[in-house]
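S.K.: Got a structure here, written out as structure tokens. Questions coming.
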Ligand code: KMT
Ligand code: NI
């Protein structure tokens, strides 16, 4: 289950209905999928993961016009990890929806709605998020520095970020509550 925080309201949501409601009001779709390891091991191959979740992926593709799916796999030993994270952790948007379904590990999304307070969403296995095109957001890892996620794309050219360079991301500490945060450079 995700943990949602709105620091400027000193509000934390841990209940699935409250999370879904709050996020839907700022245009973010949140879903829980069955991610029991009996279904597929979180360490299975990319092809096995995509096969195991094929029914859900197919449905989303039909609804949202997504044309490709892949599995991003980040571990603490991923080469050039900090360079990669520095691309994710600055406020940006995409000209397509950002869909992520977490298979393993954790991820912290910050969303900056057009009106209203910045929201952090700490995701774990079984959590799906849809960040619509144009939505300002940024992403950090948690203390496990591990995330494995199914991604869906509307554009075959894949992941293209556009940076706002607002600096607003620096006002929010990338704190995970479910996983101890270990700074990259203590
Ligand atoms: C993005 O655009 O913010 C991302 O792709 C986040 C990393 S995917 C787990
Ligand atoms: Ni993004």
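Coordinate-derived values only; no laboratory data. Everything numeric here is computed off the predicted structure, so don't read it as measured data. Positions of Cβ are backbone-derived with ideal geometry, glycine not excepted, and every protein chain shown enters the neighbour counts.
S.K.: For the chain, go through all pairs of different Cα atoms, get the mean of 1/r, take its inverse, and jot down that Kirkwood value in Å.
M.R.: 16.8 Å
S.K.: Still on this structure: Beta carbons within 10 angstrom, averaged per residue: use that to sort the peptides 66-78, 157-169, 141-153, 118-130, highest first.
M.R.: Put in order of decreasing packing, that is 118-130, 141-153, 66-78, 157-169.
S.K.: What is the Rg over Rh value, at two decimals, for the range 83-186, using alpha-carbon atoms and the Kirkwood definition of Rh?
M.R.: 0.94
S.K.: Which log10 I(q)/I(0) values, to two decimals, does the range 1-51 give at q = 0.21, 0.22 Å⁻¹ under the Debye formula with one point per Cα?
M.R.: Calculated log10 I(q)/I(0) at the listed q: -0.78, -0.81.
S.K.: Still on this structure, I have one more. Using the Cα atoms of the range 53-103, I'd like the radius of gyration and the largest Cα-Cα distance, Dmax, both in angstrom.
M.R.: Spelled out, the Cα radius of gyration and Dmax of the range 53-103 are 13.7, 36 Å.
S.K.: Per DSSP H run of at least 4 residues, take -39500 (n - 2.57); add these up for the chain, divide by its residues and hand me the 222 nm value, nearest 500 deg cm²/dmol.
M.R.: -5500 deg cm²/dmol
S.K.: State, to one decimal in nm, how far the label point of residue 155 lies from the label point of residue 18, with both points 7 Å from Cα in the Cβ direction.
M.R.: So the label points at residue 155 and residue 18 sit 3.7 nm apart.
S.K.: What share of Cα pairs, in percent, lie more than 18 angstrom apart in the range 1-88?
M.R.: 64 percent
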